[in-house]
Amino acid sequence: MSGQTATLRRFRAPDGVEIVADEAGPADAPAVVLLHGGGQTRHSWAGAMRALVKGSYRVINFDARGHGDSGWSPEGAYLLGDRVADLRAVVAGLDAPFALVGASLGGATAIHAVAEGVSPVAVVLVDIVPEPEPEGISRIVEFMRANPDGFATLDEATDAVAAYNPARPRPRDPTGLMRNLRRRENGRLYWHWDPRITAEEPARHHAVVQRSAAVMAKHPDLPVLLVRGLGSDVVSDNGVAAFRRLLPELEVVDVAGAGHMVAGDRNDAFNAGVIAFLQRHMPVSRPA
């Protein structure tokens, strides 16, 4: 497998949930596994995936359970442990080294995965720390819990996104948002994620992340990069400082002009920071 053309892959989680992914890049190259944030889909990584494949990495970009084209859990199993089990299924067939790049919920999954014995050679966390700002987290959860009756039009859904992220320019053509929506039999549009994802209170979720980050700190040779949007209301200076006390070798890239959705707000700066980190810690070609 080579080039920019992605192949659709399907993985089966231990509990039977189907995980859908795009894969591209040389089959024998080091792999980068992309984990999107809550309420997003794998399509949020489109620009990053193109840049990574252009850099000769193999890339696996999957929809988290309960999101996008991946299956929904009949039991509502959306704890971080369930997501780590999905990740294990995705990386099980990899023969080459791999890195995890996780945004928000995906980053929390990456932290917990390391604590649970998954062994990447590098980790990139996008706007998530063990001690995030409660107000920012609450705003995400409120957005995901809002509009349970869906939207009458695509413009209404676009208005909801614009209200959540007013700093991002409104798209001239909002049809790309349909990747995150599905039209049901009643004719209305609904976000295509399982509403039960937000059933667990954030405090419980972040307690797991904090414990797992402490375990991750016992792997001082694991390179970890935090990419933070300087306009983020989720990751503050205090949150970064607390994380650095836990991981003294933590690398940080601050992206000006970006909020919590760093890759979407400043894709160019995001790609440059992440690829430079990966080239140092997981180069595509190694000396003989």
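The values are calculated or read from the model by the stated rules, or taken from the named source; none is laboratory data. Fair warning: this is a prediction, and the values are worked out from it, not measured in the lab. Please note: Cβ atoms are built from the backbone with ideal geometry, for glycine as well, and neighbour counts cover all protein chains shown.
Miscellaneous remarks
- Listed by first and then second residue, the pairs linking a residue in segment 81-109 that is of a type in the set (D, E, K, R) to a residue that is in a helix (DSSP H, G or I), with Cβ atoms under 7 Å apart and 6 or more places separating them unless they lie on different chains, are ARG83/THR109.
- No other residue among ALA241, ALA213 is over 22 Å from ALA272 (Cβ atoms), small (Gly, Ala, Ser) and surrounded by 14 or more Cβ atoms within 10 Å (Cβ to Cβ) apart from ALA213.
- Any hit, segment 153-162, residues being more than 24 Å from LEU35 (Cα to Cα), at pLDDT 95 or above and assigned to a loop (DSSP other than H, G, I, E, B): yes
- If the condition is being buried (at least 23 other Cβ atoms within 10 Å of the Cβ) and assigned to a loop (DSSP other than H, G, I, E, B), then segment 111-129 contributes PRO120, ASP127, ILE128, VAL129.
- Per-region count, segment 147-167, residues surrounded by fewer than 15 Cβ atoms within 10 Å (Cβ to Cβ) and in contact (Cβ under 8 Å) with a residue 40 or more places away in the chain: 2
- For segment 216-238, the candidate set comprises residues that are aliphatic (A, V, I, L, M) and either touching a helix residue (DSSP H, G or I) at 6+ places or on another chain (Cβ under 6 Å) or not in a loop (DSSP other than H, G, I, E, B) (or both); within that set, the residue that is surrounded by the fewest Cβ atoms within 10 Å (Cβ to Cβ) is ALA217.
- The set of residues in segment 44-66 that are under 24 Å from ARG183 (Cα atoms), touching a helix residue (DSSP H, G or I) at 6+ places or on another chain (Cβ under 8 Å) and not hydroxyl-bearing (Ser, Thr, Tyr) comprises TRP45, PHE62, ASP63, ALA64, ARG65, GLY66.
- Put simply, of PRO287, PRO283 the only residue that is surrounded by fewer than 18 Cβ atoms within 10 Å (Cβ to Cβ) and at pLDDT 85 or above is PRO283.
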